[in-house]
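Heads up, the thing below is written out as structure tokens.
The values are calculated or read from the model by the stated rules, or taken from the named source; none is laboratory data. What you are looking at is a predicted structure, and each value in this text was computed from that prediction instead of being measured. Cβ sites come from the backbone with ideal geometry, for glycine too, and all protein chains shown count toward neighbours.
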Amino acid sequence: MREQIRLWFYSLFFMSVVLTGRAPYRKVLTYEKLLDAKGREMHGSWGSQISADEAFERMGADVMRWLYCQQQPSQNIRFGFAPADDVKRCLLTLWNSARFLTDYGRIEGFEPRYEDLETGVAGVKLRPLDRWLQARVQQLLADAEAAYDAYLSVDVLKAFESFVDDLSNWYIRRSRRRFYSYDEAAFRSLWTALVQSLRVVAPVLPMLADHLWKVLVADVVEGAPDSIHLAGWPEAREELRDERLLAETAAVRDVVQLGRRARAQERRQPAPAAAAAVRTRRPQCPRPRGRDRRGAARQTGGVRCRARDDSAHAAQPPPARPAAGPRLRDVRVALENGAVERLDDGSFRVASEVLAPEEVIQGERHELPGWATAEDNGISVAFDVELDDELRTEGRVLDLIHSVNALRKASGIEVTDRVTLTLPASQADLLLYSDWIMREVLAVDVDVDGEIAEPSIAKVA
């Protein structure tokens, strides 16, 4: 608490100046009060007091450091084992990302290059997703540098936590199949991003960062520093920053999140079509372009076939004021039927007429029969929920993939192990999708056995 300034920090300062002629520290980052997890003062009689030894043993030193460093200096800290569990979940995401890379890197014989940390990944063909990850690393460096310079460790951890989430839930999730066979660009991009992020967070998490450095760098790269604390701060590389790509990807992720919300209204099932429309122009979040971005939304949103980018289905634009002259009636009919095209400059093409944004009255969004929709912050997303036999079969394939992967985990089969898959006769029709199934469950063969009632797997020796 603030009494430390008088009773501890000032005492140290005074004695050091008197005895040695210099201050014992340059700056002190402190906080208001240390309270228990419920916001009360810690007292032994209340049972809320936690001894340091118990905290070190149950939390770990780096988790304790995170709890202190994530707090605004002007606010109280709530300290306890429940808040520590929240920190552990974030660090587990980081740990699992590193584990994913080391597991598949060992199988595929990946050899990292230390120079990638200095120059960025070069000499291989990068996909837009790889270039986005490099730009995301540069964004993390810039945000962390500004936070450290301001002595705001809370902002360092906010930037790091956001980066780890992006790395795991966007890059790795969308690139997973590339690691099943040796894709050099994917391996090098993920390794570089992980290591650079560890260098950024090392002052806050010195022990965990140093351990992962040894596993990812020191033990496998000849001539690399033995410790992350000898590696120095990563230098920013402006040529790797791509603000447009970062903004476009953020826009795609907004659409994907809304898509998941819309799909939550229905059973998880492939959709025959999806549509997205931006109803307000947001300069910081430009409209996603290109096959890769459309594919990202399509793949992550669960649209597996016959997808179309048709913003007219996402939301019905409201009526227009008299700007189309004699063609006003045609314009109104087109608007009512959803026959609207949103142009790049924010205007609308309706019945061959182009209407400026200010010529359209923003009204309420109308639900479309047969479509599951969601809307937020000017973006509308809709999924066609009408199913045919082909889509129902694909839904069964998704259920099979989910159950087989759960069976792998329950059987103690490692994520990198190959298996053989045997289906009951009732699922024989799914053999038409055997290539898809084998990719998703890492199977080398799919067969049918009329004697079994449920799918079974066996690890390949």
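Considering only residues in the range 1-44 that are within 40 Å of the chain's Cα centre (by Cα) and among the aromatic types (F, W, Y), the one that is surrounded by the most Cβ atoms within 10 Å (Cβ to Cβ) turns out to be Y31. Among the residues making up the range 58-95, those that are surrounded by 14 or more Cβ atoms within 10 Å (Cβ to Cβ), of a type in the set (S, T, N, Q) and within 21 Å of P203 (Cα to Cα) are Q70, Q71, T93. Do we have any residue at all in the range 11-20 that's touching a helix residue (DSSP H, G or I) at 6+ places or on another chain (Cβ under 6 Å) and not assigned by TED's automatic domain parsing to the domain that holds V164? The answer is no, given that none of the residues of the range 11-20 is touching a helix residue (DSSP H, G or I) at 6+ places or on another chain (Cβ under 6 Å) and not assigned by TED's automatic domain parsing to the domain that holds V164.
Results for (1) closer than 21 Å to G80 by Cβ; (2) in contact with a Leu (Cβ under 7 Å, 6 or more places away or on another chain), shown as yes or no for each residue.
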{"residue": "E3", "(1), (2)": "no, no"}
{"residue": "Y10", "(1), (2)": "no, no"}
{"residue": "M15", "(1), (2)": "no, no"}
{"residue": "T20", "(1), (2)": "no, no"}
{"residue": "P24", "(1), (2)": "no, yes"}
{"residue": "Y31", "(1), (2)": "yes, no"}
{"residue": "A37", "(1), (2)": "yes, no"}
{"residue": "A55", "(1), (2)": "yes, no"}
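Filtering W213, W191 for residues that are in contact with a Gly (Cβ under 8 Å, 6 or more places away or on another chain), assigned by TED's automatic domain parsing to the domain that holds Q134 and modelled with pLDDT of 95 or more leaves a single hit, W191.
Kindly evaluate L190 against the criterion of being more than 25 Å from V154 (Cα to Cα) and crowded, with 21+ Cβ neighbours inside 10 Å. Talk me through it step by step, then tell me what you get.
Working: more than 25 Å from V154 (Cα to Cα): yes; crowded, with 21+ Cβ neighbours inside 10 Å: yes.
Spelling it out, L190 is indeed more than 25 Å from V154 (Cα to Cα) and crowded, with 21+ Cβ neighbours inside 10 Å.
The single condition from (1) in contact with a Lys or Arg (Cβ under 7 Å, 6 or more places away or on another chain); (2) modelled with pLDDT under 90 that T416 fails is (1). Among the residues of the range 395-432, those that are touching a strand residue (DSSP E or B) at 6+ places or on another chain (Cβ under 9 Å), farther than 25 Å from Y182 by Cβ and either touching a residue at least 40 places away in the same chain (Cβ under 8 Å) or part of a helix (DSSP H, G or I) (or both) comprise L400, L407, S411, A425, Q427, A428, L430, L431.
Of the listed requirements (1) touching a residue at least 24 places away in the same chain (Cβ under 8 Å); (2) in a helix (DSSP H, G or I); (3) over 30 Å from the mean Cα position of the chain (by Cα), K88 misses just one: (3). Of all residues in the range 216-226, those being surrounded by 14 or more Cβ atoms within 10 Å (Cβ to Cβ) and of a type outside the set (V, I, T) number 4. I'd like to know if the range 347-355 contains one or more residues that are assigned to a strand (DSSP E or B), at pLDDT 70 or above and within 30 Å of R99 (Cβ to Cβ). The answer is no, given that none of the residues of the range 347-355 is assigned to a strand (DSSP E or B), at pLDDT 70 or above and within 30 Å of R99 (Cβ to Cβ).
So in the range 174-228, with the set limited to residues that are polar (S, T, N, Q) and touching a residue at least 24 places away in the same chain (Cβ under 8 Å), which one is farthest from R136 (Cα to Cα)?
S181
V121 falls short on exactly one of the conditions (1) assigned to a helix (DSSP H, G or I); (2) under 22 Å from the mean Cα position of the chain (by Cα), and that condition is (1). Scanning the range 416-453 for residues that are under 34 Å from the mean Cα position of the chain (by Cα) and charged (D, E, K, R) gives D417, R418, D435, R439, E440, D445.
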